[in-house]
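Readers should treat all values here as calculations from the given coordinates under stated rules, not as data from a laboratory. Only a predicted model underlies this, so the values are computations on that prediction, with no experimental measurement involved. Because the Cβ atoms are built from the backbone with ideal geometry, glycine has one as well, and the counts that use them run over all protein chains shown.
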Amino acid sequence: MLVCGVLVGATAKPSLYHGYVPATYSTYYPYSLSSQYHAQDELGQYSYGYSGDTSAKHETKTLDGVTRGGYSYIDANGIVQTVNYVSDSVYGFRVAATNLPRDPAPVVAAAPIVVPQTVVVDTPAVAAAKASHLATVQAAAAQAAAAQAAAVAQVAAVQTVTAAPVVVSQPVVIDTAAVAAAKAAHLATVQAANARAAAAQIAAAHAVAPLPVTETPEVQRAKAEHLVAFQKAAAEAAAAPDYSEVVATAPLAPIVSAAPLTSTYYSAPLVYGYDAGYPLAAARYSYVPVAHTSYSALTPLSSQYHAQDELGQYSYGYAGGPSAKHETRTLDGVTRGSYSYIDANGIVQTVNYVADDVFGFRVAATNLPVAPGAH
């Protein structure tokens, strides 16, 4: 055990009970002594203290974990204040000291003041007046009860008559012939619109085959006129003399496409094919054979048409002057079309195309560049 300073006393066995030094007031004497000590071991026990000038302290911790100590000092009034304390893990920190606040003196409650009660004795005249008043009040109460009973009996004797409910007749509005016809036409229009919307919803939900675009008689007539004009212009162009040096039998440039696209010129119509896994594999579209012709004085015919529905399908086309075009979009999102024009050399150039979300845009045309040596 390491001992520093001055150690006075002997080591004693730890005790669970420790008494406190009674607090006493003493007078301060101006002399100065100073000392200190400190001791500890490897088990966590220690003891230290000091004394000097106006204060002193000592503290000890034993093997059972209990800390005990005390200190003293001279306050501003010259009085020695002493504090003793004990601390452990069971009861916490406890202290006894001369400077702790004290409870105020108990307040003694004052004795209640007893006021003597004076007994008032009625005179004969007052007693007679009280008796007369009581009799009058009782007679009035009896009369009021009798009157209330009579009134209740009269009310019960009266027979209550319940009034019949008032019935308000509703005016009947009769439609005129024009109003009835308008209502019927409106109802038919609404039912037809609902039927079309239901059919469109079912078709979209089950991914059915694309519905054809419904064409009005005017559109059908315009398409027929367009076809006649186109065929007539092609016939006249084929019959005209060839003023160019382009050989009509020269093969066209092959179509470069990731999808299997079959294009045949002159001898057979142009056919677009799809993979077997594509839902529209069975759909095939044929176009008029592409041929190099020379420009001749075409008959100035002009026609156009346009049809569409609420599902996004459409079909339109035109023919007039030196150009013509037609394009169709079906419910499956595939766009197909063709156009032709007369180029600067007087040659009719024709372009056929197909576009969708699977294979993108594919084209077959007479104006595509030809690789060297492909003839």
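Which of the lysines could a cross-linker bridge to LYS223, judged by Cα under 20 Å and excluding same-chain residues fewer than eight apart?
LYS232, LYS325
For the stretch 57-79, list residues with backbone N below 20 Å from a point placed 7 Å from the Cα of GLU42 toward its Cβ?
61-65
When the label point is put 7 Å from the Cα of LEU227 along its Cα-to-beta-carbon vector, which residues of the stretch 319-362 have a backbone N closer than 16 Å?
319, 325-328, 338
By how many nm would the segment from ASN345 to SER89 grow when fully extended, if each residue of separation counts as 0.36 nm and the alpha-carbon distance is taken off?
On the way: separation 256, 0.36 × 256 = 92.16 nm, distance 11.17 nm.
So the extension gain works out to 81.0 nm.
Could you tell me the distance between the Cα centroids of the stretch 133-154 and the stretch 301-375, to the nearest Å?
That distance is 113 Å.
At R0 = 22 Å, how high is the FRET efficiency between ALA238 and ALA371 if r is their beta carbon distance? Nearest 0.05 is fine. Display every interim value, and only then the final one.
Details: r = 28 Å, r/R0 = 1.26.
So, using R0 = 22 Å, E works out to roughly 0.20.
So how much slack lies between GLN154 and VAL358, counting 0.36 nm per residue of separation and subtracting their Cα-Cα distance, in nm?
Fully extending the segment from GLN154 to VAL358 adds 63.7 nm.
Calculate, for ALA135 and VAL108, the FRET efficiency according to 1/(1 + (r/R0)^6) with r their C-beta to C-beta distance and R0 56 Å; round to the nearest 0.05. Could you put the intermediate results ahead of the total?
Values: r = 55 Å, r/R0 = 0.99.
With a Förster radius of 56 Å, E is 0.50.
Highest first, please rank the peptides 227-237, 118-128 by the mean number of other Cβ atoms sitting within 10 Å of their residues. Intermediate values should be presented prior to the final figure.
Numbers: 227-237: 16.2, 118-128: 8.0.
So the peptides 227-237, 118-128, ranked by packing, come out 227-237, 118-128.
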